[in-house]
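The values are calculated or read from the model by the stated rules, or taken from the named source; none is laboratory data. Please read all numbers here as calculations on a predicted model, not as lab measurements. As a convention, Cβ positions derive from the backbone with ideal geometry for all residues, glycine included, and neighbour counts pool all protein chains shown.
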Amino acid sequence: MESTFAGLPIAPPAFFVLFVAVAIGALVQGTIGFGINVIAAPVAAIVQPDALPAAMIVLALPMTAGSAYREREHIDREGVLWTNVGRLPGAALGGWAVSLLPPEALATWIGGFVVVAALMSVLSSNLRPAPITSALVGGVAGLMGTMSSVGGPPLALLYQHEPGPVLRSTLGATFLLGSLLSLAALAIAGRVEPWHWALGLALTPAVALGLLASHGLRARVDAGRLRPAVVAFACAAGIAVVIRGLA
């Protein structure tokens with residue numbers, strides 16, 4: 001694997017495209033509570049598929065930590081506990097599945113997951129946070145997040161009826177702990193390499209830019225207006241990844 005940009009196995013144009021996608025995704029997630037890898041993962045699947053899912057999970061760590069800390073007084077701590085209890089078996093199953101798939105096949109699966117996840121994010125649902133439902137949704141998010149780095153939409157469905165500060169902070173705290181679980185599962189499966197950490201860290205400034213830009217938008221932007229654009233982009237990108245993988 002040849003290093004082509006700042007010691008990383010990624011070409012400068014691909015890094016720039018990914019940097020922009022991460023910044024946009026961080027802006028979206030900082031505003032509505034999820035979305036960084038709904039946007040960034042399918043782009044990575046096109047420009048650098050072997051970065052998935054580990055590098056995308058790594059770069060989500062500062063994003064989720066920032067979201068959780070910024071509105072920490074609104075975190076649903078019981079919900080965080082139960083969703084991560086459910087995430088344990090989901091992450092383990094996802095790690096096992098990833099260990100069986102080559103990067104190209106995994107990228108195709110990720111494209112499909114992104115389309116399903118994006119559609120899930122706009123479904124009407126009567127789900128409410130409760131121990132059993134939180135654990136079940138956490139299991140689904142763990143499987144999807146470990147295999148594709150896109151585990152937000154199931155949890156967003158669970159908290160869609162809650163106030164914005166509760167949704168954003170709780171999802172941030174849940175994603176932070178869940179991402180660590182997913183990375184552990186991937187490491188056990190042998191699918192985390194040092195350059196994944198380096199790439200994730202190199203993209204952290206894009207996360208910071210998006211998170212800072214979202215600060216003034218939280219109270220101004222109606223998530224109902226922003227979410228359709230996110231879903232449309234994610235579906236188009238996910239479908240492109242699937243078509244590219246099947247071609």
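Before moving on, here are some points about what is shown:
- Consider the stretch 157-166 and keep the residues that are in a helix (DSSP H, G or I) and modelled with pLDDT under 85. The one that is farthest from the chain's Cα centre (by Cα) is G164.
- For the stretch 68-119, a residue qualifies if it is over 17 Å from A141 (Cβ atoms), hydroxyl-bearing (S, T, Y) and crowded, with 16+ Cβ neighbours inside 10 Å, and exactly one does: T108.
- Any hit, the stretch 213-229, residues being within 18 Å of the chain's Cα centre (by Cα), part of a helix (DSSP H, G or I) and at pLDDT 80 or above: yes
- Test set (1) β-branched (V, I, T); (2) farther than 16 Å from L203 by Cα; (3) surrounded by fewer than 17 Cβ atoms within 10 Å (Cβ to Cβ) - V20 fails condition number: (2)
- Taking the stretch 89-104 as the range and being hydrophobic (A, V, I, L, M, F, W, C) and touching a Gly at 6+ places or on another chain (Cβ under 7 Å) as the test, only A91 passes.
- Pairs with Cβ under 6 Å, 6+ apart, first in the stretch 16-40 and within 13 Å of L217 (Cβ to Cβ), second of a type in the set (D, E, K, R): T31/R218; G33/R168
- In the stretch 19-129, counting only helices (runs of 4 or more DSSP H) that sit wholly within it, the ones holding 1 or more residues that are of a type outside the set (A, V, I, L, M) and modelled with pLDDT of 90 or more span 54-70, 77-100.
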